[in-house]
């Protein structure tokens with residue numbers, strides 16, 4: 001099972017994503033931003049980081065990279081794609097997912113262990129979870145506030161396309177001001193998932209807050225086999 | 001090239017023919033005798049470009065001219081045994097140690113104090129960038145950063161200006177670089193009011209055979225400048241900012257601070273690592289303070305021949321720069337490599353893949369001098385060693401400060417102490433909420449501690465711990481420490497106390513301490529009292545390292561940290577690095593919940609407690625007092641304690657361990673309980689009786705050589721045997737109790753964790769949070 005991990009200039013968690021794929025039992029394949037080939041992979045991870053420095057707008061330049069010209073049609077054709085953090089931003093900028101990511105409402109970077117609820121356990125990247133599971137993985141972002149217009153948000157909710165929500169304590173607020181506490185979403189088909197927190201940092205005993213991240217990667221291995 | 005530059009070009013030939021020309025040596029920070037010496041070395045007056053080069057390289061920051069005579073003690077105190085693990089020592093960009101299995105680790109701390117005061121965000125950001133390039137230039141992949149920050153009083157308006165910018169700068173640069181920030185310190189003290197300290201540490205890893213050095217050798221080899229273009233930022237930053245005291249009435253110095261581009265540095269890191277892997281780099285040097293002046297002269301000085309540089313080939317961001325400005329520019333994210341002609345093509349191809357601009361700007365010659373040309377005209381012709389290594393050396397006057405007797409005589413013995421359990425509880429709450437001991441997560445949560453996926457421990461644990469080898473789990477633990485209040489009372493002891501604490505913190509995590517780096521922050525060397533403090537601190541570290549058997553691998557000296565005549569407290573920061581076979585087995589600092597009978601844990605206190613409150617956190621928080629003598633240091637005892645902690649971790653005898661330092665036992669117990677929200681029941685009577693102290697002293701004294709550990713019930717006999725074998729006092733003082741949700745000190749007070757947490761966590765957000 002070959003899972004591609006794209007490296008853009010400024011990608012930071014590409015090594016971690018490849019490690020996660022390997023530990024889950026897949027074969028990680030490095031993809032380069034400047035190549036328009038997906039090297040016959042069965043799924044793709046767009047990792048976290050600050051592609052091209054994110055100086056214009058997070059993900060705005062990465063969307064035009066040669067590799068995206070191959071990835072966008074493949075994703076539309078059903079190829080499983082997971083965008084993590086900057087990868088989620090790139091998926092939004094590419095219009096593979098609706099909405100956009102803006103700066104955290106408190107305007108500072110935030111890194112912490114974050115509880116999430118799995119709202120949709122039927123996507124290519126979440127099938128090993130149970131509906132409503134609570135998981136703890138790492139959150140770290142500067143531009144993590146998910147925003148979209150009311151109609152889009154209502155549509156996402158009604159179609160069950162909110163994949164993850166931040167767990168918010170009574171009277172508390174979510175960590176970045178995301179509308180409706182949305183941490184991750186999926187496309188209609190369930191093959192493209194974007195989320196702000198980082199499952200690849202929660203896959204090994206002794207490193208990271210839990211092992212909850214592993215199921216993202218085992219899910220896709222299962223779904224690719226059954227597809 | 002503009003014709004204006006050409007017309008006004010001060011060439012070597014012009015200089016030789018015009019000895020009478022008045023030169024701005026004083027404005028460039030040179031003393032009269034230093035200028036005379038330059039003329040003597042060259043046998044003529046220097047060109048303006050040469051003058052610029054000497055002035056930056058002979059500045060305090062680059063030449064260590066006031067500190068060199070004292071720093072020699074580090075190597076004098078390094079024994080053969082200590083040298084065994086040292087692969088590269090003091091003098092290179094960073095020291096390198098052997099951590100086993102063929103792995104080498106390089107680490108270093110460096111100050112960026114003055115730039116961070118002038119422009120907090122960029123000053124702190126480029127501080128991170130600079131130390132990371134030092135690590136890269138050894139051939140290593142940077143794997144983590146740490147930052148030790150010191151600010152003025154938390155409620156001073158300027159702290160509100162400086163702190164958010166510095167924290168955002170450290171985070172903004174480090175996060176974008178993809179390096180986990182695994183620890184450091186945040187300290188508030190009025191002595192840093194007009195002179196905050198930003199000490200940045202980076203650590204990197206490589207295979208031993210991949211170590212690179214900064215030297216230009218091999219006649220005909222090409223000298224390549226790569227990375228960012230050269231601009232007008234940071235010109236004179238080193239000589240002007242780092243080597244001159246801030247004057248309240250002085251002009252604004254904003255333009256002298258560099259501006260960082262972390263994305264450019266991230267790409268540069270990956271590019272460098274590909275270049276190393278392809279074996280196309282013969283010598284490598286980063287461009288930091290003093291820019292091209294430093295890189296070219298140091299590379300040439302370390303090599304076996306001369307070097308020729310065509311300065312007009314340097315890619316510029318600003319074409320109006322004058323030659324001396326190009327030489328002094330501290331534009332960030334630049335590196336210089338020496339490459340064999342046969343490997344040039346491959347070098348250029350790798351740089352192109354990363355979209356990194358690379359330009360051949362010179363070559364190694366069989367001559368002796370560093371020759372720099374501008375449009376075929378020779379503008380610099382100097383012996384490189386005279387610039388880079390044979391700068392002036394000062395044996396400055398030293399004198400024990402007159403105030404010290406009175407300060408040391410002002411002992412804290414008569415300060416009113418809490419007399420009952422309620423008083424002890426109030427004292428603990430006040431300490432836990434105090435700026436120096438409060439929860440720092442408002443700051444540390446702005447740093448990515450997880451990137452790279454190798455972080456096994458990070459703040460607020462005692463050390464940062466990262467994996468080096470993904471196959472075996474072999475890795476390193478690092479801690480940086482300094483209590484400058486101790487150092488103010490006694491700089492020799494204060495430096496050893498910093499060393500002892502960092503050493504203890506690394507051992508507490510379960511690692512075997514291996515080597516140190518330091519960052520010596522002091523006031524003006526022209527003040528004999530400051531110079532005495534400096535000499536005492538260096539002596540303390542050098543002798544302490546000898547006792548502990550761990551070498552100094554390098555470091556940094558930052559002088560002129562003062563506002564007007566008032567120097568900061570001496571702040572000899574020590575970073576200790578330790579090694580672990582498998583970092584997944586590290587010991588965390590917080591109690592863990594009891595999940596089975598086997599995991600029921602007893603809490604042991606290691607070491608003994610005496611009435612030692614000089615410089616303590618309690619005297620500061622309760623009485624705003626600083627006087628007396630700091631706690632006694634016993635490095636032999638620290639060594640024994642370290643062996644117990646590392647051994648117990650290796651053998652699985654401890655589930656948690658926490659070092660005792662500022663705030664003593666009470667604060668350590670509170671922190672260990674808050675870490676995972678798991679409380680404890682504690683009894684003090686036996687230890688009070690054994691050590692001959694009262695409950696207050698046992699709870700708040702800052703005696704050294706102590707730690708608390710949580711030992712699983714079934715391992716108690718083995719653990720106490722280990723302590724007895726090492727001759728370290730141990731006492732069972734309590735049990736981990738996750739039902740109680742509180743810290744219960746029997747016969748004294750009971751404190752719910754919620755109350756403790758509220759006091760601990762509200763301080764920083766109340767002062768700095770936007771919402």
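Rule-based calculations on the coordinates, nothing more; no lab input. Every value quoted in this text rests on a predicted model; they were computed, and no experiment measured them. Note that we place each Cβ from the backbone using ideal geometry, even for glycine, and neighbour counts take in every protein chain shown.
The table below lists the values:
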quantity	calculated
Packing rank of B:559-571, B:202-214, B:286-298, where each peptide gets the mean count of other beta carbons within 10 Å, highest leading	B:286-298, B:559-571, B:202-214
Taking N as its residue count, the alpha carbon Rg of region B:588-771 over 2.2 N^0.38 Å	1.04
Separation between Cα centres of region B:38-84 and region B:552-584, rounded to whole Å	20
Region B:412-463 - convex hull of the alpha-carbon atoms, volume per residue in Å³	115
Mean shadow area of region B:126-245 over all directions, Cα convex hull, nm²	10.1
Distance between modelled label sites at residue B:597 and residue A:72, nm, 7 Å Cα→Cβ extension	6.5
Extension gain, residue B:33 back to residue B:650 (0.36 nm per residue minus Cα-Cα distance, nm)	216.3 nm
Computed helical MRE - 222 nm, chain B, DSSP H runs ≥ 4 contributing -39500 (n - 2.57), nearest 500	-11000 deg cm²/dmol
Surface/4 of the Cα convex hull for the protein assembly as shown, nm²	39.6
Rounded FRET efficiency, nearest 0.05, which uses the C-beta distance separating residue B:420 from residue B:83 and R0 of 51 Å	0.40
Residue B:40-residue B:411 pseudo-label distance in nm [points 7 Å out on the Cα-to-Cβ vector]	5.2
Label point distance in nm, residue B:17-residue B:758, each placed 7 Å from Cα along Cα→Cβ	8.3
Shielding of B:440-452 by partner chains, average beta-carbon count, 10 Å	6
Relative frequency of Cα-Cα separations exceeding 40 Å in chain B, percent	33
Förster radius 41 Å - calculated FRET efficiency between residue A:211 and residue B:355, Cβ distance, rounded to 0.05	0.65
Surface/4 of the Cα convex hull for region B:314-380, nm²	5.8
Degrees between helix B:120-136 axis and first principal axis of chain B (Cα, 0 to 90, nearest 10)	80
Shape of region A:2-226, Cα gyration tensor, a/c cut at 1.5	rounded
Tilt relative to chain B, helix B:716-725 - C-alpha long axis, 0 to 90 degrees, to 10	60
Residues of region B:600-615 with amide N under 11 Å of the 7 Å Cα→Cβ point at residue B:632	B:609-612
Test item: A:102-113 mean partner chain Cβ contacts at 10 Å	5
Degrees separating the helix B:157-177 axis from the principal Cα axis of chain B, which is the longest one	70
Packing-based ranking, highest mean first, of A:195-207, B:499-511 given that Cβ atoms within 10 Å are counted	B:499-511, A:195-207
Anisotropy class of region A:1-80 from Cα gyration tensor, a/c 1.5 cut	oblate
Per-residue [θ]222 nm for chain A (sum of -39500 (n - 2.57) over DSSP H runs n ≥ 4, rounded to 500)	-7000 deg cm²/dmol
Protection proxy ranking of B:305-311, B:455-461 - average other beta-carbon atoms within 10 Å, highest first	B:455-461, B:305-311
Estimated FRET transfer efficiency (residue A:2, residue B:766; beta-carbon r; R0 56 Å; 0.05)	0.60
Chain lengthening between residue B:581 and residue B:441 when straightened (0.36 nm per residue, less Cα-Cα)	47.5 nm
Alpha carbon centroid spacing (whole Å) that separates region B:465-533 from region B:688-741	25
10 Å Cβ neighbours from other chains, averaged over peptide B:359-366	0
Overall form of region B:58-129 per C-alpha gyration tensor (a/c, 1.5; a/b vs b/c)	oblate
